[in-house]
1. Can you tell me the accessible area per residue over the chain, all protein chains present, probe 1.4 angstrom, in square angstrom?
2. Around Ile572, what is the net charge, scoring Lys/Arg as +1 and Asp/Glu as -1 over all other residues with Cβ under 13 Å from its Cβ?
3. Can you give the convex hull volume of the alpha carbon atoms of region 568-643 per residue, in Å³?
4. Excluding residues fewer than 8 places away in the same chain, name every one of the lysines whose C-alpha is closer than 23 Å to that of Lys589.
5. Be a star and scan region 30-73 for residues whose amide nitrogen sits under 18 Å from the point 7 Å along the Cα-to-Cβ vector of Lys100.
6. Under 22 Å Cα to Cα from Lys252, which lysines show up? Leave out anything in the same chain fewer than 8 places away.
7. Rounded to the nearest whole Å³, what is the per residue volume of the convex hull around the Cα atoms of the chain?
8. Could you work out how far apart the two model spin labels at Ala379 and Lys586 are, taking each label as a point 7 Å from the Cα in the direction of the beta carbon, and quote it in nm?
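The values are calculated or read from the model by the stated rules, or taken from the named source; none is laboratory data. Treat the numbers as computed from the prediction; the structure is a model and nothing was measured. Here the Cβ is made from the backbone with ideal geometry for all residues, glycine too, and neighbour counts use every protein chain on show. Heads up: the accessible areas ignore ligands, DNA and RNA and are worked out on the full protein's heavy atoms, side chains in. Shrake-Rupley method; radii C 1.70, N 1.55, O 1.52, S 1.80 Å.
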Amino acid sequence: MERNDDVDNNNRINNSNNTDTNTDSIEKIFESKKVPPWQSQLTLRAFVVSFILGILFTFIVMKLNLTTGIIPSLNVSAGLLGFFFVKTWTKFLGKSGLLKQPFTRQENTVIQTCVVATSGIAFSGGFGSYLFGMSEVIAKQSHEANSEQNTKNPSLAWMIAFLFVVSFLGLFSVVPLRKIMIIDFKLIYPSGTATAHLINSFHTPQGAKLAKKQVRTLGKFFSMSFLWGFFQWFFTGGDDCGFISFPTLGLKAYENRFYFDFSATYVGVGMICPHLINVFIGIAMILGDGLYNFVKVLGYTFSGLYHQFREDRTKGDPVSGNSSADLPSLSYDDQKRARLFLKDQIPAWIAIVGYLTIAIVSVITLPHIFHQLKWYYIAAIYVFAPILAFCNAYGCGLTDWSLASTYGKLAIFVIGAWAGASNGGVLAGLAACGVMMNIVSTASDLTQDFKTGYMTLASPRSMFVSQVIGTAMGCIISPCVFWLFYNAFDNLGVPGSEYPAPYALIYRNMAILGVEGFATLPDKCLLLCYIFFGFAIFVNGIRDLVGKNGARFIPIPMAMAIPFYIGGYFAIDMCVGSLILFIWSKVNKAKAAAFGPAVASGLICGDGIWTLPSSILALAGVKPPICMKFLSRSTNVKVDAFL
């Protein structure tokens, strides 16, 4: 699964900026409200709501993982639903006189952080990419390196154990750098900033009124989407049956996977993602796109660091000193935020001891889960991981682009080649990808959360604890949800099925390529790979040269590569969503900006949560009563004659 962070993060800031208040000072609005201590920000109700929403969003992310791998930002939905659940609960308790603690924006931030951390494991856990790519189902499709030592079928026990061992390292790796990133370097972290604006706006009188309307709209489209999924289920009583197999553009187009499949999820995704979103050649394009952006973001990172340290030298190196001395030069908001941010420090020794302890446990444990992954491979990863985690977190602060999957692919090639084909290098490479992805992904997520907490006056300690608890929830919830899919749908991961998991095969083929080299590729395949690899770099270069106004008309190579594997049907759904939002914006721009994300989130959430009852029905052996199938006239004549 490939989360296109460039797409969903840029869109995230566009959506949530519209909810910001039009005042010069946010903190003056909240001046009369006391900031609760960090312990009081971590309430039981916050984690109960986070657990419920975490399950909901994990189902949504898992469904997207296993269909196309394109995952939009769910931060807006998490913040909005967190606000709605707790606000409703506190309103009820307030009327009954039992309310002990009011609902604050700090608690709202804790919920949003915890929910995103929980559902984020469904991405970094690799259930639609490297982890599922280890299975026999995917190995049979690649026809190379599918021996027993290069395959490992999913099991609930080892998946949970693996995630608990690797998912927390990234959190400890960036904790000592939070002050440098947020206050000294003043990194923007656009997604974290946008989420903070959203939460701040909810807790103003005007913003609370808008939030209620948005929640009502979300609930309406959630219900419609859920009921539409339920209705469709009745017509799927066989292979290629139902609305998802409706040949809307003709049978020939349907045979080539080009049709509208009535998916509320991808109509919603189309409303959230910009229109730009709307094999080995595919791998070449993905690698080309990834390499270009890896070099680009790394260039920004090193350039930013160089200029930062140059400025620090002329100013007397504030990075190593106490930034409180520079606070008078900041705005009122930043002064207040910086003081509170520096007040609740997380001791550096906790981060160091935590990292070393988990690293030692990982080095001992992981070779027992994957015997192909030797302890010294893991130790080598953990030596370089903090540097890469810092680079990813810093680059994310500048560009809002997380390169977690790119670092994971780097680990595939390095560790896979190191292990070698005869020693289970394919499985070792995929497992190493998981270790690396989890570290760098959680590192950038936590720094985004620190930025959100900084702007909502939530304590860094409460942010860290919330992220840890959310990650722990995700380490249990995500494998359980995947296990439900894995057992409920017999054709999971099969091309052309309802859940083809395209990135699982992509990641496995990358691992094979890293281990066995180019000699195993079919004739002319390498030439085509070079062409499309170059094409991806060329297109990205053009996008950067023409600037933002011109780039919006040029598609993203990463998204162009996906139809090489699964066809273009999902793009039609997303195009419909983009068209709805485009027309709505022309008719009423203000309403489209305010309620578009709520409508999209409702469509995605309703259809996504329907997968829970549909999975349970499948496990219980309950079959849909009707098969709605479409045949050509000539085939229909033959069927009638046979009957």
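1. With all protein chains present, the chain gives 41 Å² per residue.
2. Around Ile572, the surrounding residues sum to -1.
3. 162 Å³
4. Lys209, Lys212, Lys213, Lys220, Lys548
5. Counting only backbone N, you get 36-49.
6. Within the straight-line limit of under 22 Å, Lys252 reaches these lysines: Lys629, Lys638.
7. 170 Å³
8. 6.5 nm
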